[in-house]
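Participant: Got a structure here, written out as structure tokens. Questions coming.
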Amino acid sequence: MISNYKDIISTQEEFEEFRSSIGNPSARAANKVISFIDDHCKNFISKSPFLTMSTSNADGQCDVSPRGDSPGFVAVLDDQHLFIPERPGNRRMDSVHNIIANPHIGLLFLIPGLGETLRINGKAYICRDSDLLEKTAVNGKTPLFGILVEVEECYAHCAKAFIRSNLWQPDSWLQKEALPSVPSMLVAHAKLPNTTPEQVAKELKEGYTNRLY
């Protein structure tokens with residue numbers, strides 16, 4: 001229970017009292033948000049092979065979903081619109097259900113080796129425009145739909161989290177044998193009867209090999 005923890009800040013008034021301990025943003029940080037996709041953002045997006053997509057349902061329950069493909073897989077349609085093709089996944093469609101209930105969306109674009117990221121916020125729509133789908137086909141596989149984003153905010157985010165985490169430093173990465181076993185996790189969480197982690201690992205590998213598109 002949250003009541004077991006001390007000094008919880010739960011109102012804006014309480015936070016404002018605490019704000020002096022944090023300090024105010026610099027002029028650069030306060031003024032860096034723009035309302036359109038400029039050439040700098042377009043260049044960043046064209047080099048990004050990975051993003052995280054944040055959505056929430058009508059009740060405010062949140063979800064963050066990864067999206068990845070070859071650099072530039074997100075199409076910049078104009079200064080206000082992006083198109084993210086939907087590739088085959090687990091078919092849960094968490095993001096889709098959220099977007100239909102609540103169109104607000106947050107995107108975080110990453111480029112491997114670069115600590116700074118690009119954040120984009122706006123409104124999202126499930127889109128089946130045939131021209132867009134055909135233009136984002138890969139290996140002859142046309143996506144069934146995509147996420148059309150109407151951009152409201154764009155801004156760069158600093159590299160401090162990546163520096164602290166050493167995320168892009170290979171010598172900080174765990175050895176393979178020390179990594180968590182996701183197949184074991186899936187067996188435990190899904191309570192799959194008569195299924196072993198080895199079977200799940202084999203199924204995952206087959207999907208990664210043959211069903212990316």
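The values are calculated or read from the model by the stated rules, or taken from the named source; none is laboratory data. Given the structure is predicted, the values throughout are model-derived calculations rather than measurements. In this analysis, Cβ positions are derived from the backbone assuming ideal geometry, glycine residues included, and neighbour counts consider all displayed protein chains. With ligands, DNA and RNA removed, areas are computed over all heavy atoms of the protein, side chains included. Shrake-Rupley method; radii C 1.70, N 1.55, O 1.52, S 1.80 Å.
Participant: Search the stretch 115-131 for residues being open to solvent by 30 Å² or more (accessible area, probe 1.4 Å) and touching a residue at least 12 places away in the same chain (Cβ under 8 Å), and hand back the single one that is nearest to residue 91 (Cα to Cα).
Facilitator: Among those that are open to solvent by 30 Å² or more (accessible area, probe 1.4 Å) and touching a residue at least 12 places away in the same chain (Cβ under 8 Å), it is 126.
Participant: Suppose we filter the stretch 145-167 for residues that are in contact with a Gly (Cβ under 8 Å, 6 or more places away or on another chain) and assigned to a strand (DSSP E or B); how many remain?
Facilitator: Adding up the residues that qualify gives 5.
Participant: I would also like to ask the following. I need the full set of residues from the stretch 9-37 which are surrounded by 10 or more Cβ atoms within 10 Å (Cβ to Cβ) and aliphatic (A, V, I, L, M), in order please.
Facilitator: 9, 29, 33, 34, 37
Participant: Find all pairs meeting these conditions: Cβ atoms under 7 angstrom apart; at least six residues apart or on different chains; first residue within the stretch 33-59 and over 13 Å from residue 109 (Cα atoms); second residue assigned to a helix (DSSP H, G or I) and open to solvent by 50 Å² or more (accessible area, probe 1.4 Å).
Facilitator: So the pair list comes out as 57/97; 57/101; 58/101.
Participant: Given (1) in contact with a strand residue (DSSP E or B) (Cβ under 6 Å, 6 or more places away or on another chain); (2) under 24 Å from residue 213 (Cβ atoms); (3) hydroxyl-bearing (Ser, Thr, Tyr), identify the lone condition not met by residue 130.
Facilitator: With (1) in contact with a strand residue (DSSP E or B) (Cβ under 6 Å, 6 or more places away or on another chain); (2) under 24 Å from residue 213 (Cβ atoms); (3) hydroxyl-bearing (Ser, Thr, Tyr) applied to residue 130, the lone miss is (1).
Participant: Tell me, yes or no, whether the stretch 171-181 has at least one residue that is in a helix (DSSP H, G or I), within 30 Å of residue 106 (Cα to Cα) and open to solvent by 60 Å² or more (accessible area, probe 1.4 Å).
Facilitator: Among the residues of the stretch 171-181, not one is in a helix (DSSP H, G or I), within 30 Å of residue 106 (Cα to Cα) and open to solvent by 60 Å² or more (accessible area, probe 1.4 Å), which makes the answer no.
Participant: Filter the stretch 93-109 down to the residues that are part of a strand (DSSP E or B) and surrounded by 15 or more Cβ atoms within 10 Å (Cβ to Cβ) and list them by number.
Facilitator: Scanning the stretch 93-109 gives 105, 106, 107, 108, 109.
Participant: Which one of these does residue 50 not meet: (1) under 16 Å from the mean Cα position of the chain (by Cα); (2) more than 30 Å from residue 206 (Cβ to Cβ); (3) open to solvent by 40 Å² or more (accessible area, probe 1.4 Å)?
Facilitator: Condition not satisfied by residue 50: (2).
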